[in-house]
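Written below as structure tokens is the structure these notes are about.
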Amino acid sequence: MHKQNKYTVSHAPFWHDGDTVTTLNQNIILAALPAAIFGILKFGAPALGVLALAVSTAMLWELAFNFISKREITIADYDSAAIGLLVGMMLPATAPWWIVLIGTLIAVVMGKMIYGGIGGNPFNPAVVGISVLLVSWNAIFDFDAALLNYEFGFTALAPLGALKHQGVAAMDLFQIKELAMGNQVGSIGTVFGAGIILGGIYLILRGYIRWEISLSYVAGILITAFLFRLVNPDLYASPLFHLFTGYTLLGAFFLAPENSSSPVNLTAMIIYGAMGGVMTILIRNVGSYADGTVFAILLINLINPLIDRIRPQALGKGVNNA
Amino acid sequence: MIKRSFIKLTGPRLLCDQVEPDPKKPETIPIPPRLVLLLHEPLDSTRETLIKKGDTVKRGERLFLYKESTEYAVSPVSGTITSIASYTGDFGTIATYFIVERDEKDTPSNGFAEIADTPNLKSADSFLRSLPGAPPLSRFTDPDCKINTLVIEGTDSDLMSTTRQYLLATSKEEIKRGIQILRQMTGVAKIAITVPENASDDLSAEGVQVFKISQVYPKALPQMIMQDHLEIIPVPGATCEDQGVTFMSIEAVISLAKAYAQKEPVFEKVLTVIAKDGTRHRVKAVIGTPLHRIFKQFKLQTNERDRIIVGGPMMGHAAYTLYHPVGPDTDTVQIQDRDAIPYVSDYPCINCGKCVRVCPANVPVNLLVRYLEADLYEEAADNFDLQSCIECGLCSYVCTARIPLFQYIQLGKHQLIELETEANNA
Ligand code: SF4
Ligand code: SF4
């Protein structure tokens with residue numbers, strides 16, 4: 001008898017399509033880069049500072065939590081990095097350092113880690129972080145005041161703020177093309193709509209986000225805004241204006257489809273996405289916040305477990321042919 | 001291991017391999033001096049076995065472990081039993097193996113020859129169960145299942161294998177004869193045969209339905225065939241046999257035809273052997289041939305920590321020794337290099353939804369796995385459709401968190417059966 005090797009014995013299947021949590025998050029970060037880099041170019045070093053601080057602190061909070069809870073170190077999966085990047089992208093370039101710190105702390109620790117880490121969070125962590133900031137330090141998100149010292153070659157007014165305070169008349173100041181190309185005042189990573197769409201399409205094509213959610217979200221925005229406008233065009237802004245301003249596109253492609261807090265079944269995904277779009281416009285047009293995206297997303301996160309029960313019947317269930 | 005395609009709007013489309021247009025004849029592996037025979041019955045160390053170490057056996061002789069045993073192995077050679085021992089398989093299933101040392105006399109046993117003139121289900125079941133292809137003859141004699149449909153599988157259900165397709169393309173005459181014998185023997189109402197979708201169908205023998213099966217995995221799985229072609233929805237937790245359908249490999253049909261023609265059981269199994277680099281060899285080896293004999297013939301090296309896969313990459317199982325024998329149902333053997341083995345992790349489910357998208361049985365795998373991880377098997381079955389799973393393995397294949405989902409599922413099913421037997425015995 002010859003010497004026996006030890007072979008790897010494990011369970012089928014013996015192949016894998018190659019995806020990992022790390023590649024998933026790396027791709028999400030990659031897809032967010034066009035919009036983020038545009039923001040850096042536009043708002044300069046402070047923007048870079050905010051993004052860098054957001055990403056690094058997000059990872060550090062997770063590391064600290066890993067240590068305190070004596071768990072395995074999980075930051076290598078880039079999940080916190082992605083959360084931090086998204087938080088940073090939703091902040092104005094002039095956000096003070098402590099706001100960034102608090103934002104990522106809330107996002108990573110309260111948004112994710114206390115639920116047991118990745119996969120357990122019922123709400124999108126980045127959205128949790130930003131909404132706490134929004135409620136507590138609303139003035140930071142007054143983009144007009146925040147960006148007062150900047151010289152722009154275009155209407156230096158935050159579109160949604162202008163809409164809220166000056167009404168539809170202010171809309172003449174904005175052209176959709178300009179808005180889409182990032183010629184608007186806003187947070188670092190959300191002004192360049194075309195870039196976010198590009199990233200979103202990349203993620204959809206590569207199968208890293210669920211396209212049903214993104215598309216129904218966009219549809220929800222467009223249809224609801226269209227209906228409002230149908231009722232009173234003097235009071236409400238156009239659908240495309242809503243699409244290219246505020247956090248709308250980031251919400252559609254990066255926030256709403258976050259894995260853990262969104263549904264996986266077809267009908268549920270469509271209801272979830274569409275409701276997100278509808279709620280965003282409702283908050284903007286009826287509510288008191290200029291941009292309703294993050295609250296709309298918290299709301300759909302909340303109903304996610306309920307609607308995700310709507311799922312196709314499993315094989316052989318409900319048939320009686322035995 | 002296959003990498004994901006760059007663009008991935010739908011799920012993965014895994015295609016089963018097709019047999020080459022002008023297939024070569026299989027290469028014959030010489031009968032080894034020592035054969036390993038597996039018997040699916042546990043060895044009880046406190047009892048004396050019927051067959052003992054040192055006994056001589058004839059070619060074609062059946063080996064029963066105990067007097068009341070119904071399971072048997074058939075020795076493909078004449079020789080001496082040199083060892084009887086326990087073998088542990090998946091989930092702790094215990095089987096027994098015999099090692100037979102071949103002698104030069106090659107004395108045949110004439111048990112089967114005496115009854116081979118009149119093909120009959122009962123006698124066939126008591127002599128031919130371990131023919132190449134493992135004909136499920138006991139299913140027809142089992143009073144608990146009323147089989148009314150026999151589906152002959154001319155398609156390979158797992159990826160990479162082309163064994164059955166090869167036999168389908170090259171043994172037309174035997175297939176026809178085998179079908180005749182089966183029809184006469186079983187009196188089954190409906191016989192169908194599965195063929196690859198692009199096969200020329202000159203096989204439509206009298207009264208045999210031909211099912212063209214898509215190349216897309218897992219369309220060739222029994223439950224999928226039931227659903228797509230017989231319009232019978234598989235009942236969760238029930239076997240195909242419970243629903244009156246039994247599946248038989250095309251090789252079993254051919255072996256039956258040959259056995260009755262030559263009035264002696266046949267022992268040569270055809271299989272596809274796949275090297276690390278993907279090269280294929282079609283092989284004919286006697287049942288009981290240890291795998292290392294085959295690897296030696298083709299100079300296939302195996303190293304520490306490589307994986308030896310018996311069966312396909314989605315549903316096969318890993319062998320832990322090179323002495324693992326070719327069995328009646330071994331259609332494929334492949335060696336996977338240790339560097340090509342994808343890792344599994346203990347990450348939690350991140351709810352990416354890929355498993356739900358890919359599952360052909362609509363099982364909510366993302367929820368199911370949470371219950372299986374917590375050992376809540378009954379809840380898993382009652383609320384999360386554990387029993388609807390048709391065991392294709394696709395969920396594990398796509399899982400972003402690299403959870404061994406399929407293993408959890410099979411373990412869950414296994415535990416359910418244990419719980420049930422416990423409850424019945426209580
Ligand atoms: S193995 Fe997974 S994908 Fe296949 S049927 Fe079962 S649950 Fe669904
Ligand atoms: S594929 Fe894996 S990580 Fe994704 S939802 Fe299914 S079980 Fe969870």
Enumerated strands (runs of 3 or more DSSP E) restricted to segment B:285-391, each holding at least 2 residues that are modelled with pLDDT of 90 or more, β-branched (Val, Ile, Thr) and more than 16 Å from ligand 2 (Cβ to nearest atom): B:307-310, B:332-336
- prompt: Taking segment A:170-209, which residues are in a helix (DSSP H, G or I), of a type outside the set (A, V, I, L, M) and open to solvent by 20 Å² or more (accessible area, probe 1.4 Å)?
  reply: A:Asp172, A:Lys177, A:Glu178, A:Tyr202
All positions within segment A:213-249 that are within 14 Å of another protein chain (Cβ to nearest Cβ) and surrounded by fewer than 24 Cβ atoms within 10 Å (Cβ to Cβ): A:Leu215
query: For segment A:33-67, which residues satisfy the criterion of being open to solvent by less than 10 Å² (accessible area, probe 1.4 Å) and among the aromatic types (Phe, Trp, Tyr)?
result: A:Phe43
message: Any residue that is away from chain A (no Cβ under 14 Å) and either under 27 Å from B:Leu128 (Cα atoms) or touching a Leu at 6+ places or on another chain (Cβ under 7 Å) (or both) - is there at least one of those in segment B:300-322?
response: no
- prompt: Just one of the numbered conditions (1) more than 10 Å from every other protein chain (Cβ to nearest Cβ); (2) open to solvent by 10 Å² or more (accessible area, probe 1.4 Å) is not true of B:Leu372; which one?
  reply: (2)
query: Of everything in segment A:95-122 that's crowded, with 23+ Cβ neighbours inside 10 Å and hydrophobic (A, V, I, L, M, F, W, C), which residue is nearest to ligand 1 (Cβ to nearest atom)?
result: A:Ile118
task: From (1) within 23 Å of B:Thr93 (Cβ to Cβ); (2) more than 14 Å from chain A (Cβ to nearest Cβ); (3) open to solvent by 10 Å² or more (accessible area, probe 1.4 Å), pick out the condition that doesn't hold for B:Arg282.
output: (1)
task: Looking at (1) of a type in the set (D, E, K, R); (2) within 25 Å of B:His292 (Cβ to Cβ); (3) open to solvent by less than 80 Å² (accessible area, probe 1.4 Å); (4) touching a Ser or Thr at 6+ places or on another chain (Cβ under 7 Å), find the lone condition where B:Asp90 falls short.
output: (4)
field: Test set (1) in contact (Cβ under 8 Å) with a residue 24 or more places away in the chain; (2) assigned to a loop (DSSP other than H, G, I, E, B); (3) over 17 Å from the mean Cα position of the chain (by Cα); (4) within 14 Å of chain B (Cβ to nearest Cβ) - A:Pro305 fails condition number
entry: (2)
message: With the requirement that a residue be within 7 Å of another protein chain (Cβ to nearest Cβ) and among the small types (Gly, Ala, Ser), what does segment B:375-403 give you?
response: B:Ser388, B:Gly393, B:Ser396, B:Ala401
- prompt: Considering segment B:50-63 alone, what residues qualify as being surrounded by fewer than 17 Cβ atoms within 10 Å (Cβ to Cβ) and either without any contact (Cβ under 8 Å) to a residue 24 or more places away in the chain or in contact with a Phe, Trp or Tyr (Cβ under 8 Å, 6 or more places away or on another chain) (or both)?
  reply: B:Leu50
task: Considering only residues that are away from every other protein chain (no Cβ under 13 Å) and among the β-branched types (Val, Ile, Thr), look in segment B:404-422 and name the one that is farthest from ligand 2 (Cβ to nearest atom).
output: B:Thr421
message: Taking the conditions exactly as written (farther than 25 Å from B:Leu128 by Cα, buried (at least 17 other Cβ atoms within 10 Å of the Cβ) and small (Gly, Ala, Ser)), does B:Ala220 satisfy them or not?
response: yes
- prompt: Condition test on B:Glu420, is it within 30 Å of A:Arg71 (Cβ to Cβ) and either open to solvent by 70 Å² or more (accessible area, probe 1.4 Å) or touching a residue at least 60 places away in the same chain (Cβ under 8 Å) (or both)?
  reply: no
query: Taking interchain pairs and intrachain pairs at least six residues apart, which have beta carbon atoms under 6 angstrom, with the first residue in segment B:344-363 and facing chain A (nearest Cβ under 7 Å) and over 21 Å from B:Ala381 (Cα atoms) and the second hydrophobic (A, V, I, L, M, F, W, C) and open to solvent by 20 Å² or more (accessible area, probe 1.4 Å)?
result: B:Ile350/A:Ile118
field: Complete set of residues in segment A:267-286 that are open to solvent by 60 Å² or more (accessible area, probe 1.4 Å) and within 15 Å of the chain's Cα centre (by Cα)
entry: none
field: Verdict on B:Asn366 being surrounded by fewer than 24 Cβ atoms within 10 Å (Cβ to Cβ) and at the interface with chain A (Cβ under 8 Å from one of its Cβ atoms)
entry: no
Qualifying positions in segment B:1-52 - in a loop (DSSP other than H, G, I, E, B), within 11 Å of chain A (Cβ to nearest Cβ) and modelled with pLDDT of 85 or more: B:Leu14
task: Count, please, the residues in segment A:46-95 that happen to be β-branched (Val, Ile, Thr) and farther than 18 Å from A:Thr23 by Cα.
output: 5
statement: Of A:Gly207, A:Gly189, the only residue that is under 29 Å from A:Gly18 (Cβ atoms) and in contact with a helix residue (DSSP H, G or I) (Cβ under 6 Å, 6 or more places away or on another chain) is A:Gly189
message: Can you tell me how many residues within segment B:401-417 are assigned to a loop (DSSP other than H, G, I, E, B) and surrounded by fewer than 23 Cβ atoms within 10 Å (Cβ to Cβ)?
response: 2
statement: Filtering segment B:343-353 down to residues that are open to solvent by less than 30 Å² (accessible area, probe 1.4 Å) and within 16 Å of ligand 1 (Cβ to nearest atom) yields B:Cys349, B:Asn351, B:Cys352, B:Gly353
- request: Hey, can you tell me all the residues within segment A:7-16 that are at pLDDT below 90 and closer than 9 Å to B:Pro342 by Cα?
  value: none
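Yes or no, residue by residue, for (1) among the charged types (D, E, K, R); (2) in the same structural domain as A:Val100 (by TED's automatic domain parsing); (3) within 15 Å of the chain's Cα centre (by Cα):
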| position | (1), (2), (3) |
| --- | --- |
| A:Leu179 | no, no, no |
| A:Leu198 | no, no, yes |
| A:Ile204 | no, no, yes |
| A:Gly207 | no, no, no |
| A:Arg210 | yes, no, yes |
| A:Ser214 | no, no, yes |
| A:Tyr217 | no, no, yes |
| A:Gly220 | no, no, no |
| A:Ala225 | no, no, no |
- request: Have a look at B:Leu137, B:Leu159 and point out the one that is over 12 Å from B:Met248 (Cβ atoms) and among the hydrophobic types (A, V, I, L, M, F, W, C).
  value: B:Leu159
- request: Might you let me know whether segment A:13-32 holds any residue that is within 10 Å of chain B (Cβ to nearest Cβ), away from ligand 2 (no atom under 16 Å from the Cβ) and surrounded by 19 or more Cβ atoms within 10 Å (Cβ to Cβ)?
  value: yes
task: Evaluate segment B:360-377: report whether one residue or more is in contact with a Gly (Cβ under 6 Å, 6 or more places away or on another chain) and within 16 Å of ligand 1 (Cβ to nearest atom).
output: yes
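The values are calculated or read from the model by the stated rules, or taken from the named source; none is laboratory data. Owing to the predicted nature of the structure, the values given are computational and were not obtained by experimental measurement. When we count neighbours, we look across all protein chains shown, and the Cβ atoms used for this are built from the backbone with ideal geometry, even at glycine. Accessible surface areas use protein heavy atoms only, side chains included; no ligands, DNA or RNA. Shrake-Rupley method; radii C 1.70, N 1.55, O 1.52, S 1.80 Å.
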